[in-house]
1. If a residue has to be of a type in the set (A, V, I, L, M), within 19 Å of the chain's Cα centre (by Cα) and at pLDDT below 90 to count, how many in segment 252-279 make the cut?
2. Return the only residue of Tyr62, Tyr145 being of a type in the set (Ser, Thr, Tyr), part of a helix (DSSP H, G or I), under 23 Å from Leu261 (Cα atoms) and modelled with pLDDT of 80 or more.
3. Would a scan of segment 61-73 turn up a residue that is in contact with a strand residue (DSSP E or B) (Cβ under 9 Å, 6 or more places away or on another chain) and of a type in the set (Lys, Arg)?
4. Tell me, which residue of segment 18-37 that is on the phi < 0 side of the Ramachandran plot and surrounded by fewer than 12 Cβ atoms within 10 Å (Cβ to Cβ) is modelled with the lowest pLDDT?
5. Just to be sure I understand the filter: pairs with C-beta atoms under 8 Å, separated by 6 or more residues or on different chains, first member in segment 74-95 and closer than 17 Å to Ala49 by Cβ, second member of a type in the set (Phe, Trp, Tyr). Which pairs pass?
6. Give the residues of segment 235-259 that are of a type in the set (A, V, I, L, M), surrounded by fewer than 20 Cβ atoms within 10 Å (Cβ to Cβ) and in contact with a helix residue (DSSP H, G or I) (Cβ under 9 Å, 6 or more places away or on another chain), sorted by residue number.
7. Do you know which of the residues in segment 85-128 that are touching a Phe, Trp or Tyr at 6+ places or on another chain (Cβ under 8 Å), part of a loop (DSSP other than H, G, I, E, B) and among the small types (Gly, Ala, Ser) is surrounded by the fewest Cβ atoms within 10 Å (Cβ to Cβ)?
8. Looking only at segment 158-176, filter to residues that are modelled with pLDDT under 80 and within 20 Å of Leu255 (Cα to Cα); which one of those is surrounded by the most Cβ atoms within 10 Å (Cβ to Cβ)?
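The values are calculated or read from the model by the stated rules, or taken from the named source; none is laboratory data. Bear in mind the structure is a predicted one, so any value in this text is a computation, not a measurement. Ideal geometry is used to build each Cβ from the backbone, glycine not excepted, and the neighbour counts take in all protein chains shown.
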Amino acid sequence: MADIVIQLLPHIAAALLYGALGFHFWNTRWREQEHQSVACPMQAWERTAIAATLLIHAYALYGALFVNGSMRFSFSFALSLMMWLAVLIYWLESFMARMEGMQPLVLPLAALCTALPVIFPNVHLVAHATATGFKLHFLAAMLAYSLLTLSALHAIFMGFTENALHKRLMRRSLASLPPLLVMESLLFRMLLVGFVLLTLTVGSGVFFSEALFGKPMTLDHKTLFAFASWGIFATLLIGRHAWGWRGKRALRWTLAGFALLILAYVGSRFVAEVILGRA
């Protein structure tokens with residue numbers, strides 16, 4: 001029991017730090033206060049605090065996923081890893097654009113997902129985890145999930161911002177967000193890179209399934225959801241390039257593709273591990 005508690009401590013510490021930072025960014029960027037400047041760029045200590053939390057989170061994930069040369073995984077670790085990559089991408093993006101107004105949403109979500117392995121600690125051993133091809137497939141999949149998760153969050157923020165601007169609401173939270181055109185440019189940049197990685201993930205799973213997983217590809221619900229998600233993101237990017245899709249249409253397509261993508265792996269693993277009790 002003591003060993004399990006010690007293993008879970010980095011997850012708990014990272015979750016608490018994410019939550020504290022999320023509250024800090026909400027209090028300093030979103031909360032309406034008198035006699036306080038609206039514009040409040042990200043400070044050096046804030047970037048350092050996020051970086052330190054990312055390191056603790058990475059240490060927790062690595063120690064839990066890789067044990068005695070084998071790899072373990074579950075839906076809770078998938079969400080935790082996805083949010084680690086999402087926070088990392090936002091942290092890197094903050095050096096090039098104003099991202100402090102996005103942190104009050106992404107950091108609490110990271111706190112929640114980081115705590116999931118503590119609540120749902122059951123894992124299953126991953127076959128062929130030592131093969132180079134599988135590692136590349138896994139890395140592409142996690143990067144794709146993280147980028148498309150960020151894209152969904154970004155689309156929600158864009159919808160929220162556009163709706164508030166139409167209603168002429170000038171709130172502190174809106175002033176802390178990047179300009180709408182910058183957010184839109186970043187959204188489609190993340191969608192494009194995420195789509196390329198998702199294409200590599202789906203393609204490698206289809207054409208090299210036996211080499212990666214030791215069995216031919218089967219058309220199960222996970223595969224169908226992944227194909228459907230890929231099709232939605234492909235349609236959105238084509239619509240953007242050919243017809244200039246943006247605004248609420250882009251929001252709906254992004255969220256639909258993201259929902260199917262989450263169902264493709266995380267949803268199926270949640271049903272198997274939590275509801276059906278299978279590893």
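1. 7
2. Answer to the selection: Tyr145.
3. Taking every residue of segment 61-73 in turn, at least one turns out to be in contact with a strand residue (DSSP E or B) (Cβ under 9 Å, 6 or more places away or on another chain) and of a type in the set (Lys, Arg).
4. Ser37
5. Close Cβ pairs satisfying both conditions: Val87/Tyr18.
6. Leu237, Leu255, Ala256, Ala259
7. The selected residue is Ala127.
8. Thr161
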